[in-house]
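**Student:** Structure in structure tokens, see below.
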Amino acid sequence: MKNEILSIINADYIDIYNLKYILSGMNTVDIAELFEELDREKIIRLFRILPKSIASDVFAYVDSDHQQVIIEALTDTEIGEIMNKLFVDDAVDFIEEMPAAVAKKVLAQAGAETREQINQLLKYPENSAGSIMTVEYVDLKRKLTVGQAFERIRKIGTDKETIYTCYVTNSKRKIEGVVSVKALLLAEPEQSLEEIMDTNLILVHTDDDQEEVAGIFEKYDLLNIPVVDSENLLVGIITIDDIVDVVQEEATEDFQKMAAMTPSEKPYLKTSVFKLFTNRIVWLLVLMISGMVTGIILQQFEDALLAVPMLIAFIPMLTDTGGNAGSQSSTLVIRGMALSEITSRDFLKVIWKEIRVSVLVGAVLGAVAFVRVFIFNAGEADLFLKGVVVSVSVIFTVFLAKLCGAVLPIIAKKIKVDPAVMAAPLITTIVDAGSLLVFFGIAKLLLGI
């Protein structure tokens, strides 16, 4: 289907009637993907061919760069039609991605009510519940009968983002309960909403962090959730489609931080080389400078390395083992914290668990390292003591790495720093320095160097 549509668009003569027929039967998301394959001229051409009934829906799914191309080619009237048909949260997402001049032009063409709703959402802090909510929900009154509720849903539901859950509010807009369409369908037409509504409310506030909201969605298996302001008045709802986007954004941000990069909001292929450079260079400089500590330690024990050259061969093994062990613990703890499985109250539990794990892991790796000394260094003097030096150093390195990997993210969360910052690169630097100090300390003690 996709190739067929692209061949029609790229043809010298476009069969508009046939193309409109095909597009009218396609999913709007699939249509939006077509724009990725087209140049500027054909992007505009395809959008103008779209049936009016689906144009705004398709626009909501189009990449922001292509949205700008489309907007710049439309008349003021056409822009107004799109903005007034978009769900408000989609309109806000679009405006936030646009240059100031384009955003101002778009807002000017939106209807007064739409513009007021957009401005209302734009005032909330970035990454807050208020910034991702929509104000398009179905509100009902508790005294309505089920039959009257259905009449209201039919009357106003067309322009609402969801009608599957309706919100019962009083005259001051304070939420009193929620009622699902399922509950309405199963109730008798004469029953009042106060008889069937659920008053066990799960809600969030406008200034709650979006990551916390995502955790609530997961915990309670929600499809949407009401958002209230500082006076506990209903101001909007957050739907599951927006939370899926939040989860993806937060996971991507954590991965980038754990890889020692400044997070980027744009996809990799759409991020400039200079932006990628600036996102990476700061952390690389910090880690390189902190890594110099390892070099300083090696310089301090230069005599020991000259006296027992065999020790040099085990330095990469120690540092790699420490980095990998720390990365394992930090990844599990950071992920557990992201899923609210681990909190600051679990600090001692995490430490105790990682101590036991490090003892088991360290014992196995230490034993393998001990055997490795005998296999690859047969014939050298003091093999037993050298094996002890290496194996004990491995055990300590694993212990230190797993402890740092588990503890540092929790400490970071406690002092309100993103735990992902305390991930593999930083932990590796700390563990490298600690393991080398112990390695050479034990070597000097047992080997007399």
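**Student:** Return the residues of segment 257-285 that are outside any loop (DSSP other than H, G, I, E, B) and either touching a helix residue (DSSP H, G or I) at 6+ places or on another chain (Cβ under 6 Å) or in contact (Cβ under 8 Å) with a residue 12 or more places away in the chain (or both); say none if nothing qualifies. Give the steps one after another, and end with the answer.
**Tutor:** Initially, segment 257-285 is screened for residues outside any loop (DSSP other than H, G, I, E, B), giving 257-258, 268-270, 273-285.
Residues satisfying the conditions are 257, 258, 270, 276, 278, 279, 280, 282, 283, 284.
**Student:** For the condition in a helix (DSSP H, G or I) and modelled with pLDDT of 95 or more, what is the one hit in 120, 148?
**Tutor:** Criteria check complete, one pass: 148.
**Student:** In segment 156-210, what count of residues is obtained for those that are modelled with pLDDT of 95 or more, of a type in the set (Phe, Trp, Tyr) and in a loop (DSSP other than H, G, I, E, B)?
**Tutor:** Residues meeting the conditions: 0.
**Student:** Would you be able to say whether some residue in segment 355-366 is charged (D, E, K, R) and either touching a residue at least 12 places away in the same chain (Cβ under 8 Å) or crowded, with 20+ Cβ neighbours inside 10 Å (or both)? It would help to see each step written out before you state the result.
**Tutor:** In the first step, residues of segment 355-366 are kept if they are charged (D, E, K, R); the result is 356.
So of that shortlist, the ones also either touching a residue at least 12 places away in the same chain (Cβ under 8 Å) or crowded, with 20+ Cβ neighbours inside 10 Å (or both) come out as none.
No, because not a single residue in segment 355-366 is charged (D, E, K, R) and either touching a residue at least 12 places away in the same chain (Cβ under 8 Å) or crowded, with 20+ Cβ neighbours inside 10 Å (or both).
**Student:** Specify which of the listed residues (83, 26) is part of a loop (DSSP other than H, G, I, E, B) and under 21 Å from residue 161 (Cα atoms). Outline the logic, then answer.
**Tutor:** On the way: 83 fails: part of a loop (DSSP other than H, G, I, E, B).
Checking each option against the conditions leaves just 26.
**Student:** Moving on to the next point. When you go through 165, 134 one by one, which is the residue that is closer than 13 Å to residue 237 by Cβ, surrounded by 13 or more Cβ atoms within 10 Å (Cβ to Cβ), polar (S, T, N, Q) and within 24 Å of the chain's Cα centre (by Cα)? Break it down into steps so the answer makes sense when it comes.
**Tutor:** Values: 165 fails: within 24 Å of the chain's Cα centre (by Cα).
Answer to the check: 134.
**Student:** Let me ask something additional. Quick one: what pairs do we get from segment 372-399, first residue on the phi > 0 side of the Ramachandran plot, second among the aromatic types (Phe, Trp, Tyr) and surrounded by 14 or more Cβ atoms within 10 Å (Cβ to Cβ), C-beta under 8 Å, 6+ apart or different chains?
**Tutor:** none
**Student:** Next question. Looking for whichever is polar (S, T, N, Q) and at pLDDT 90 or above here; the options are 340, 344, 329. Which one fits? Even if it seems obvious, please write down each step before you answer.
**Tutor:** On the way: 340 fails: at pLDDT 90 or above; 344 fails: at pLDDT 90 or above.
Result: 329 is the single residue among 340, 344, 329 that is polar (S, T, N, Q) and at pLDDT 90 or above.
**Student:** Considering segment 210-237 alone, what residues qualify as being more than 19 Å from the chain's Cα centre (by Cα), surrounded by 19 or more Cβ atoms within 10 Å (Cβ to Cβ) and farther than 16 Å from residue 137 by Cα?
**Tutor:** The answer is none; no residue qualifies.
For every residue, the table says whether it meets (1) under 22 Å from residue 369 (Cβ atoms); (2) small (Gly, Ala, Ser).
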{"site": "274", "(1), (2)": "no, no"}
{"site": "281", "(1), (2)": "no, no"}
{"site": "286", "(1), (2)": "no, no"}
{"site": "311", "(1), (2)": "yes, no"}
{"site": "318", "(1), (2)": "yes, no"}
{"site": "323", "(1), (2)": "yes, yes"}
{"site": "329", "(1), (2)": "yes, yes"}
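**Student:** Restricting to segment 58-89, count the residues that are of a type in the set (D, E, K, R), surrounded by fewer than 21 Cβ atoms within 10 Å (Cβ to Cβ) and either over 14 Å from residue 44 (Cβ atoms) or within 21 Å of the chain's Cα centre (by Cα) (or both).
**Tutor:** Pass one, segment 58-89, residues of a type in the set (D, E, K, R): 63, 65, 72, 76, 78, 81, 85, 89.
Pick out the ones that are also surrounded by fewer than 21 Cβ atoms within 10 Å (Cβ to Cβ) and you get 63, 65, 72, 76, 78, 81, 85.
Filter once more, so that each one left must be either over 14 Å from residue 44 (Cβ atoms) or within 21 Å of the chain's Cα centre (by Cα) (or both): 63, 76, 81, 85.
Within segment 58-89, residues that are of a type in the set (D, E, K, R), surrounded by fewer than 21 Cβ atoms within 10 Å (Cβ to Cβ) and either over 14 Å from residue 44 (Cβ atoms) or within 21 Å of the chain's Cα centre (by Cα) (or both) number 4.
The values are calculated or read from the model by the stated rules, or taken from the named source; none is laboratory data. These numbers come from a predicted model, not from an experiment. FYI the Cβ positions are ideal-geometry reconstructions off the backbone, even for glycines, and counts take in every protein chain you see.
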